[in-house]
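Asker: Sharing a structure with you now.
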């Protein structure tokens, strides 16, 4: 079985695909797997690190503006899209793909479009309750639309194509033990806080987190704090923290990293996770059962992150703080409140675990196998 995964842009699109690829490879050791992604995206780091081959194509997103500059940009995007579809046809033909699956990002579109034009079985996985742009564009052409939530079917013109599978996460998020994770990371008995605001990072949130480090320092470092800065902030975060008298390079209680590659281990070791509310992040947190503080990004289409966060909040599975209301003092207060209320903390952990479909990756693998055999 030859399977192509197409994804890109952020870890939230890439890691679910890797999780499914791992199950496919385990279940069918002779299968061949190829990833198609965008040039310059996180996939260039994550996919090879996971042990899979990656082909990259231009993957610039369209502008929603109406200026001359925006129109010129969109003309370039359209030209690159035509070229990318043509390139994907060549890749699919040479790889002799049996199935092509897209898990999100602009890079998914040309591969799914090319495969559907070539009559190769296709499916798209939509991680949010509301379909994103790529999913809306290909939903009528693909053979299967895979979603996380039963209520999502109403958003598609062909609900008979829709199948509820949940959100795939690496098994390590579910099964890694806290004691083993802490030992592996060399952590002591103090509570562990993990914070991350996306693979690319967010300047305002990184600045606020650096000021939070100062509060933790003033309190005598009651917590150990692991923070993923992201690609854009890594160059300046040490200097910014220094302005607030925190020496990140010589501060064992604060571990700032550009990107956390071993997130299942880090999340298992954590007592609290502070995160954006993308679907992938929410599901990884739920799988680990780690109580969380969610700060939805205000800069996403249809405000889908706040909708994800509020859904978890209603189940008692998260604390939600809007970015406009988020200060280092507020975060410190929320951290202390969670850690000091053991009953609330335990209920939140249970609520998180009850949200998980633990065999999601296996369900996606089942769909891939059926499509490869010509069964929809």
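Asker: Label-point separation (nm) for residue 157 and residue 231, each offset 7 Å from Cα along Cα-to-Cβ?
Answerer: 3.4 nm
Asker: For region 239-291 and region 142-213, what is the separation of their C-alpha centers, rounded to whole Å?
Answerer: A separation of 12 Å, based on Cα centres.
Asker: A further question follows. What is the packing order of peptides 169-177, 22-30, 267-275, taking the mean over residues of other C-beta atoms within 10 Å and listing the highest first?
Answerer: For the peptides 169-177, 22-30, 267-275, the packing ranking is 267-275, 169-177, 22-30.
Asker: Once you have the Cα-Cα distance between residue 370 and residue 184, take 0.36 nm times their residue separation minus that, and quote the gain in nm to one decimal.
Answerer: Taking residue 370 through residue 184 to full extension adds about 63.0 nm, to one decimal.
Asker: For the residue pair residue 339 and residue 28, what label-to-label distance in nm results when each label sits 7 Å from Cα along the Cα-to-beta-carbon direction?
Answerer: Rounded to a tenth, the inter-label distance reads 4.8 nm.
Asker: Related question: Determine the gain in length on full extension of the stretch residue 79-residue 218; use 0.36 nm per residue of separation and subtract their C-alpha separation, reporting nm with one decimal.
Answerer: Additional length available on full extension: 44.6 nm.
Asker: Just to confirm the number: angle between the C-alpha axis of helix 342-354 and the first principal axis of the chain, 0 to 90 degrees, nearest 10?
Answerer: The helix 342-354 is inclined about 10 degrees to the chain.
Asker: Expressed as a rounded percentage, what relative contact order does region 73-187 have, with Cα pairs under 8 Å and six or more residues apart?
Answerer: Computed over region 73-187, the figure is 17 percent.
Asker: Between residue 203 and residue 325, what FRET efficiency comes out of the Förster formula 1/(1 + (r/R0)^6) with R0 = 22 Å and r the beta carbon distance, rounded to 0.05?
Answerer: Computed FRET efficiency for residue 325 and residue 203 comes out at 0.80.
Asker: Moving on. Specify, per residue and in Å³, the volume enclosed by the convex hull of the alpha carbon atoms belonging to region 299-370.
Answerer: About 127 Å³ per residue, rounded to a whole number.
Asker: Something else about it: Rounded, prolate or oblate, given the Cα gyration tensor of region 172-354, with a/c below 1.5 counting as rounded?
Answerer: rounded
Asker: While we're looking at this one, here's another question. If you line up the long axis of helix 304-314 against the longest principal axis of the chain, both from Cα atoms, how many degrees apart are they, to the nearest 10?
Answerer: The two axes meet at around 60 degrees.
Asker: Let me ask something else about it. Defining a contact as two alpha carbons under 8 Å apart and six or more residues distant in sequence, what relative contact order in percent does the chain show?
Answerer: 15 percent
Asker: Let me ask you something else. With axes computed from alpha carbons, what is the tilt in degrees of helix 11-27 against the longest principal axis of the chain, rounded to the nearest 10 within 0 to 90?
Answerer: 70 degrees
No value in this document is a laboratory result; all are computed from the given coordinates. Please read these numbers as outputs of a predicted model, since none were measured by experiment. FYI the Cβ positions are ideal-geometry reconstructions off the backbone, even for glycines, and counts take in every protein chain you see.
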